[in-house]
Each structure stands twice: as C-alpha cells, then as structure tokens.
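Visitor: Here's a structure for you.
The values are calculated or read from the model by the stated rules, or taken from the named source; none is laboratory data. None of the values given here were measured: they were computed from a predicted structure. Backbone-built Cβ (ideal geometry, glycine too); neighbour counts: all protein chains shown.
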C-alpha cells in the first residue's frame, strides 16, 4: 500500500523536508532501494549506499543535506530503531486471517467467542473456552477447554493453548508455541540419585533401580501485552500457576518450566531455558541460549549475556556473563586471565627453575 | 471435584487426624489457600503461611500440632514430593478428549483402532497404523502409516508420530513433539572439511566446494511408560532404529539424534541435545541444556548438571559438570581456581620481581 | 521391496562379487542381519559381527574374503558413508503422501498448484500462494498467502510456511518447522538497560521503567536444495529478507533470527542459534548447540565444535571451539592449562614460601 512522505512522518512523530506528497510502497537498505522505497540511512556511514541505490526519499540522520544527495525528500527521526518500529508497522501486510468464523473450524458450542473475532480453518476451540473481542486465530490453532484469552489476541498457525490457561489482552502467539504442556516434574519412591548427588556433592551411593512418578500439572496465567515465540513451550505449574507478567516478550524455542514466575516487561531471547519454580524479576533481559537453574531468584533489571548459565540467586540490577554466571566485569577479567594462562604456566616453570638455582647457590638446605 | 480428607489420605497411603469427612476441591500454597483448599505445608517453615491463609486442612510435617494452628484436620505424608505426585493426580482435571472417534478425524480405513480409543478432530491416522486400546488422541495429532502405538497412550494436540515408528504402552506425547523426523545425516562425495578438521586437529586444507547428500532414515522404537515433552524431536535411525528405553521421561525441546540409544528410566531435562549414534545407559539424568556429542557412550547412572557438554565416554555412575564435562568435584576445584586466577596473576608478577631482585643482589649472572 | 545384489551395486556405482541375483529387502548391522538383509560391514572390525548374524550378502571393505566368511555375495564400496546415502535411499519407503489434492485440504481458489502436486488432509494453502510441480505436502501443513515454493518440495506434517516467504526447488521441511515467524525485534522509547549495559561495560544506571515496542517483520528467502529440521524456526527479516543459501541443511530445533544471512552448502546442527542480522558464510559447519551472537560475520568454511559460543567476527576457514569461541588449538591449550590449574596454584604457594625464606635469609629488607 502506498504512503506519502508526509503520512509516514506523521505516523512516526518525525519531521520531514521536501516533497511531502511523494509516495513509497516499502522500505529498503540504501543500496538496494528502488524509486518506490524509503531508504533507511539513519547514520552518515550509509551515505555511500544512498548514492548506489535509486531512492527518491530517505530516513536520514539529523543535519544530513538530502538535496545534495539527489533526494527529493527526507524524514528525520531522532531515535532510529524506534522509527523502525513505526515504519515496519506501516509496511507490514500482516497475517491474512479472513474475518469471521471459518466453517472448517471445530468450535465447541459452549465456547464464548468475542465480537469481531476471526477463527481460521481447522482451529479447535474447547468447551467453555472464552475468546475476547477482535481475536485473530489462524488455522490449526487449538485452545483447550475453559481457557480464557483477552481482547485483540493474535494466535498464529498451530499455536496450542492448553485447558484452563488464562491469558490477558493483546496476546501474540507465534506459530507452534505450546502454552500449558504438562510440567516435567517426576519423583521416585525412594530418594533418587539426583537428590543423592546433590546431598553428597557428586558421590552418590551405588546403583539402584528407580522409576519415575509424574507430579501432575495444573495451570498457567499470562498478563496483558505478552508475546510468545515460535515453538516456545511454557509448562503448567503444580499447585500454583506458572506466570508470565504483563509486557514480557518471549522469543522462539524458549522453555519456561513448571511454576516459574516471569515478571513484567522482560525479554527472553531465543532458546532460553528457565527451570522449574525459578522466579525472574521485572525488566530482566536474558540473551540467547541463557539457562537458569530451578528454584532460584533472578532480581529485577538483571541482564544476562548470550549463553550465560545462571546457577544461583542474582541480585537486582546485576549484569551477568559466563557459565556459571558471574558479574560481567569479573567475567571479562577471568577470561583475560584464562587466555594468558598457557603463557603464565611457562613463566612459572622458569620461576621455579630460577628459585631452585638460587636455593642451591645459597646453600639453602631444608630437607 | 470435591474429595474428603479420608479419601485423599487413602489415595496417598498416608495417615490423617481430625475431621476425615471435610471436603476440599483443590490444593494450594498455605498463604493462598481458601477454605476449600488443602494447604501444602510439608515443612515447619510453612507454618507462618498457614496462619495467613484460610485453609481448614493441611498436608503437614510429622509431629505438627494441627489443632493449635486452628485447623480442623491434617494429613501426614512421610515423603513430601511423593505425596505431591498423588495429590496433583487427584486434582488434575486432565485434557478434555471426548470419547469415541471424531467425525472430523481422517482415519485410514486400514488402520486398526483399539477398543475404547478416543480420537479428536482433525487428527490423521495413516494406512495400517495400529493404535492400542483406550488411547486418547487429541486434535491435530498425526500418526504415520504402519506406526504401532501400545495401550493407554495419551497424545496431545499436534504430536507427530512418523511412519513405521513403534511405541510401547502408556506412552505420553506432549503437544507438538515430533517422533520420527528424518535424521540429520549428510555425506559429501569427497572427504568434508569437518572430517579434515578432526583429522588435522583444526588445520584443514584450504577451501573447496562441497555439497551434501542425505543418508536416509528408517525407524524409531520406544519402550513402555515413556513420556516425550512439548516440541521435542526424536529422529529416525539409519539402518538400525533410534531407541528410547522403558520408563524414560524426556522434557520439552529436547533433540535426540538418529541412531541414539537411550536406556531405561532416564530423565532428559529441557533442551537437552544428544547427537547421532550416542548410547545413553540406564537411569541416566541429564540436566537442562546438557549436550552430548555424537558416537560416544554415557554409562548407567550418570548424572550431568545443567549446561554440561559431554564430549567423551563417561563411565557408569559418574556425576558430571562443566563444558567440556569433568567430574563434579574436579569441576568445582577448577572453577574455584579460575575465580582466584586474576588475583594469582598479580601475585606471580610480584614473585617475579622479588626473584629478579634476589638474583641481582646475589650476583647471579646467567646471560 | 526386494532388490538384487546386482541392482544395489549398480545403484551405488560399486563393484560386486558372487551371486548377483540374490535379493534382499533391507540393510542391517552385521550381528543383527537376517538372511534377507544386506549386512553393513565396511571395516574389518565388523568381521566378528558377520559371524554372529545370518546375512548371505554384505557390503564389505576392499579385499575382504567374503567366501571364507560364509557369504554368497559381496558388494565393495570405496567410501562407506557415501554408500550409506545410496543404500538408505534404496530401502527408505519414504512418507506416505497420497497423490492428488485431498478433499479435506483448504486450498484457496487463487493459489497456483503445480502439476503432479500432492496435498494432504487439513493442509491450508493461502491466497495467491504458488506451489511448484510435484510438491508433496503432508497433513496439517500451512502455507501463507503469496508464499512461493519451487519444484519437487517435500513438506512434512505441520510445517508452517508464512505469508510471502519465497523458497527454491527441492525444499525439504521436516515436521513442525516454522519459516517466517515474526522476528524478535523490540525497541524501547528511551535507551534500554541492555543498550546501557553494553555502553557502560556492565554498570548501567539504576532501574527505570521500560516497555517494548515491536519492530515488525517482512520476509524470508530460501535457495534451492535446502532442508529444514523438525521444529526449527526461521524468522522474517525487517526491511530486507532473512536468507538461507542454496544447498544448506539445517537440523532440528535450530533458531535463525531476523535478517540473518546463511550462505551456501552450510550445515547447522541440532539446537544451533543464530541471533539477528548475523552473516554466516558459505560451507560453514556449526556443531550442535552452537550459539552465534547478533550482528557479526562468520567467514566461509568456518567449522565450530558442539557448544561453541561465537561472540565476535570469525575469519574464513577458522576452526573454533569454546565459550567464548577461540581457535581450536588455542582452546585445547587453554583447557589443558585450566585442568592443571588447581595443582599449579599449590606450586605457586610453595614458591612464595621458598622465596620468602630466601629473602629472609638473604636479609633482603625492602619495606
């Protein structure tokens, strides 16, 4: 869909100069831009790219001389990535979910479907489920019995919402995510080898048979404005619900274990794993592939770099790296020392030789 | 569904005191318990919580004075987590899979469906598949041609069982798991750079073109009483089957490669990855995000902590941690040394200076 | 299906000796082989197994004396694993996707379906989607509006192809993979704590509220001869497409972030994660659970061992290991030093004592 420069600037809350009625249909990197694209050149290092491409209008850094670059118009945005959020929203055609309820969906007659909701083919909505107004539910989604989903939800192909899961407004579920699988909670009749290994610091008694009994799982509660990534899994809690707080965003292939509590406005990046009964505070950011062990507390505003393994409680505000996790500055120091280590070992050997010589020379004669 | 205190105690094989005919409809943490919940307070440190909540009956530690706590009844269970398995089973409403075969399922006429099996809408059952008695198969499940599944299976929404996969009794498949995807086994016509890197310890010859031919995959065999987590993937073997032994439980987002053999009564926690042709013994416990490389053997009763990377054969009974994995006690020692390292490097620099001084003073004059 | 020894040898481009008209119906490990299996014994260490099994014909190492082993025929293949690719292809029955378009599929009338394509029950094909000739599309697959898929595709159960995704010829999608989920790209109105942590090396200012705005996602482009594993997720790019190059093979549960570019003929093993906007060169091999952070470049022909965390640009041809990644030889050296570290610390303590003694003896008196 074409938009004018003036419309785009208004939507971004940004300022424009030049031909405000020029229209574009998409956005592109400067060198690849066609005459119908808005070139994205929010930094002077993109100026060369602009010369190579054919854009007539660009999103530019403050103070750029757009006329001299051969452009017909320019938009100036003070914070580039924020402008990106606006721009990509403008140009995103979004998923094509036909309005209304597909005759090919299996909707239990007792389910309550909000006004203006759209439900795609082969979706399954269970008994007494409650779906909020204006929900868009794609093909192959399944929503279990008595699940409750708020207003303006977007559930993409094959998302699975288990029975009795409760979710707030404006929820986004990427394809294939599973909310409300059973928790992985098993117990042995006797003390298990894992319990022994913990109790004995790695020296459990010898082999004995053990078989695992399931601790059954009950519920999940999710706040408003939460997004869950493709093929991510969030397990039910036992006794109390697993909880995801308002505004938190969860990437693809993330595992959230039973009884975990994730606070508000958190980001959990791709392939993060949070084990059972751990509490994550508010505004926590966990980088890709971060692991958090079970039954610990990660404080508010903690930031953990990619691949960090958090094995013990982390105080609020801490920035963590490493496996196991330590403070970022300590990690950097430890890592530098580690890289020097092979050289240092050689120096120590030298030192030992020298000291030996000194002792012999000095006639130092301890036995 | 309401249960009496006496019924619950009997189901748990536990002892109760007080009003055995009191009924409850769920279980809760002590502070959050309503008068219709059984409060879970298996340790004296929960006593405060009990005072805050409104429970009339609790699951208590041995010797607790329930009457003094204002309760009307108490259940005493010697092993708390084991009692949890019983309790959550009592209160779990379970998935709502309507009895009988949904008219919206696509069941091949040649498939053999056991007595009392329930199959949900949009499930697909392939030619000559065999489904045991009392199986409960939810919506969107697909079961390939000639697959065989034993009695009392529970397959949740969107579980995928490939053609010719063979599974024992009481199998549980969480939503979205994939049993019998093709193994990731490719070969190049010439020796590949990976083979060279291994052969030359990281100094392969220079670049050359390579393209990958698929080694096709054949089967998977799974024993009785196995559970597979949400979105977990278990690949087919080449030549011989990938195997999961009786009683093993696999968590969410786990990857089990082609030709892997997992023994009996193992636990594989969330996001574990086991690469091709590796053998895992019996009663092995792999913590979250553990990786096991291809073509090795992990002995019986091995326990590996979260995030461990197992890169070589592990003897039976060993407790492993670290990346690459070492014995737990050695890991702890190495890690402590590593944390001291930056300080130690400073001490070594001091030592070098002192020794230099001593040598100069002593007129020690090697060139 | 039975094949004669002569047919198999011809299909493998290999030489046979003995009874070329003997037929077999499968392949097996030597000790487990029935008289109707081709035993796989490509190395002399399998000779014992042959004696235990009941095979009449085997795939053998060059120069083996098959008659003395009691066999009736033998096939000789110079490169064993390559022969495996041919063999397993011969014996693989493949997925059973019935020819033609299932009456239970929901195919938009505006979609263009190539000649000879097969589409299974409950598949959903969106408006204006284009499917190439001879595509085999299994049950529960969904293909979004305006997506384009080339010739001879094989899409297995529940694979999800998003709207407007473009894919080349001979594409293979394992069950449950998601191509074209939305990228995980969020921005805060003010500078976020992650940006601060990076700018201040881990000492961000104190807590403040932050909430996340989505940067919308646009497209994915995939070349010819690509394979994507079960439950793997490939996100859309923002502005320019996420790209997977010709001939690359991606294993199960892999995460490819928004705007990533993967080159040609790469292998990404199970549970690899590549974060947003990173570029992976040609012929790169990433072992299981490798992580690659965002916005870096990994050169052509890089090989990274299992569990490697690549945190900065990697030059072409490098072999990497460790977390964070270093050259393989350096990693081995560092790791050896690390294992010696606890012992070395004891030696340093000794050395300090000796030097102290020497100083005292020598009357060395600095303050």
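Visitor: Sort out which residues of the range C:42-56 are touching a helix residue (DSSP H, G or I) at 6+ places or on another chain (Cβ under 9 Å) and surrounded by fewer than 16 Cβ atoms within 10 Å (Cβ to Cβ), and write them in order of number.
Guide: C:43, C:48, C:51, C:52
Visitor: Hey, could you check the range B:277-301 for residues that are out of contact with any strand residue (DSSP E or B) (no Cβ under 8 Å at 6 or more places or on another chain) and on the phi < 0 side of the Ramachandran plot and say which is surrounded by the most Cβ atoms within 10 Å (Cβ to Cβ)?
Guide: Out of the qualifying residues, it is B:282.
Visitor: If I ask for residues that are over 16 Å from residue B:251 (Cα atoms), part of a strand (DSSP E or B) and over 16 Å from the mean Cα position of the chain (by Cα), which ones from the range A:213-240 would you list?
Guide: A:219, A:220, A:221
Visitor: For residue A:259, work out the one condition from (1) within 9 Å of another protein chain (Cβ to nearest Cβ); (2) touching a strand residue (DSSP E or B) at 6+ places or on another chain (Cβ under 8 Å) it doesn't fulfil.
Guide: (1)
Visitor: Tell me which of these residue C:252 doesn't satisfy, since it passes every other one: (1) touching a strand residue (DSSP E or B) at 6+ places or on another chain (Cβ under 6 Å); (2) within 30 Å of residue A:339 (Cβ to Cβ); (3) touching a residue at least 60 places away in the same chain (Cβ under 8 Å).
Guide: (2)
Visitor: Within the range B:57-86, which residues are within 12 Å of another protein chain (Cβ to nearest Cβ), out of contact with any helix residue (DSSP H, G or I) (no Cβ under 7 Å at 6 or more places or on another chain) and within 24 Å of residue B:2 (Cβ to Cβ)?
Guide: Those that are within 12 Å of another protein chain (Cβ to nearest Cβ), out of contact with any helix residue (DSSP H, G or I) (no Cβ under 7 Å at 6 or more places or on another chain) and within 24 Å of residue B:2 (Cβ to Cβ): B:80, B:82, B:84, B:85.
Visitor: Let me ask something else about it. For the range B:40-87, how many residues meet the condition of being under 29 Å from the mean Cα position of the chain (by Cα) and at pLDDT 90 or above?
Guide: Residues in the range B:40-87 being under 29 Å from the mean Cα position of the chain (by Cα) and at pLDDT 90 or above: 1 in total.
Visitor: What are the residues in the range C:302-322 that are facing another protein chain (nearest Cβ under 8 Å) and surrounded by fewer than 24 Cβ atoms within 10 Å (Cβ to Cβ), if any?
Guide: Passing the criteria: C:311, C:316, C:317.
Visitor: Quick one: count up the residues across the range A:323-342 that are in contact with a strand residue (DSSP E or B) (Cβ under 6 Å, 6 or more places away or on another chain), part of a helix (DSSP H, G or I) and either at pLDDT below 85 or within 7 Å of another protein chain (Cβ to nearest Cβ) (or both).
Guide: 1
Visitor: Just need a number here: residues in the range A:172-199 that are facing another protein chain (nearest Cβ under 7 Å) and closer than 30 Å to residue C:184 by Cα.
Guide: Summing the residues that are facing another protein chain (nearest Cβ under 7 Å) and closer than 30 Å to residue C:184 by Cα in the range A:172-199 gives 7.
Visitor: Across the range C:31-41, what is the total count of residues that are within 17 Å of residue C:83 (Cβ to Cβ) and surrounded by fewer than 22 Cβ atoms within 10 Å (Cβ to Cβ)?
Guide: So the answer is 0.
Visitor: Just wondering, is there one or more residues in the range A:121-129 that are under 27 Å from residue A:2 (Cβ atoms) and either surrounded by fewer than 23 Cβ atoms within 10 Å (Cβ to Cβ) or within 14 Å of chain C (Cβ to nearest Cβ) (or both)?
Guide: The answer is no; no qualifying residue exists.
Visitor: Looking at the range C:90-118 only, could you name the residues that are under 16 Å from residue B:185 (Cα atoms) and either more than 14 Å from chain B (Cβ to nearest Cβ) or free of Cβ contacts under 8 Å to residues at least 60 places away in the same chain (or both)?
Guide: Once the filter is applied, which keeps residues that are under 16 Å from residue B:185 (Cα atoms) and either more than 14 Å from chain B (Cβ to nearest Cβ) or free of Cβ contacts under 8 Å to residues at least 60 places away in the same chain (or both), the range C:90-118 yields C:92, C:94.
Results for (1) modelled with pLDDT under 75; (2) within 32 Å of the chain's Cα centre (by Cα); (3) over 27 Å from residue B:232 (Cα atoms); (4) surrounded by fewer than 24 Cβ atoms within 10 Å (Cβ to Cβ), shown as yes or no for each residue.
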position: A:242; (1), (2), (3), (4): no, yes, no, no
position: A:247; (1), (2), (3), (4): no, yes, yes, yes
position: A:253; (1), (2), (3), (4): no, yes, no, no
position: A:261; (1), (2), (3), (4): no, yes, no, yes
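Visitor: Same structure again: Within the range C:194-203, count every residue that is under 19 Å from residue A:326 (Cβ atoms) and either surrounded by 14 or more Cβ atoms within 10 Å (Cβ to Cβ) or modelled with pLDDT under 70 (or both).
Guide: Qualifying residue count for the region: 6.
Visitor: Do the conditions hold for residue B:97, that is, is it crowded, with 20+ Cβ neighbours inside 10 Å, at pLDDT 85 or above and touching a helix residue (DSSP H, G or I) at 6+ places or on another chain (Cβ under 7 Å)?
Guide: For residue B:97, the condition - crowded, with 20+ Cβ neighbours inside 10 Å, at pLDDT 85 or above and touching a helix residue (DSSP H, G or I) at 6+ places or on another chain (Cβ under 7 Å) - is not met.
Visitor: Out of all the residues in the range B:343-359, is one or more over 21 Å from residue A:308 (Cβ atoms), in a strand (DSSP E or B) and within 11 Å of chain A (Cβ to nearest Cβ)?
Guide: Scanning the range B:343-359 turns up no residue that is over 21 Å from residue A:308 (Cβ atoms), in a strand (DSSP E or B) and within 11 Å of chain A (Cβ to nearest Cβ).
Visitor: Moving on to the next point. When only residues in the range C:144-171 that are in contact (Cβ under 8 Å) with a residue 24 or more places away in the chain and not in a loop (DSSP other than H, G, I, E, B) count, which is farthest from the other protein chains (Cβ to nearest Cβ)?
Guide: Among them, the one singled out is C:167.
Visitor: Tally time: how many residues in the range A:216-231 are at negative phi, modelled with pLDDT of 70 or more and within 8 Å of chain B (Cβ to nearest Cβ)?
Guide: The number of residues fulfilling the criteria is 1.
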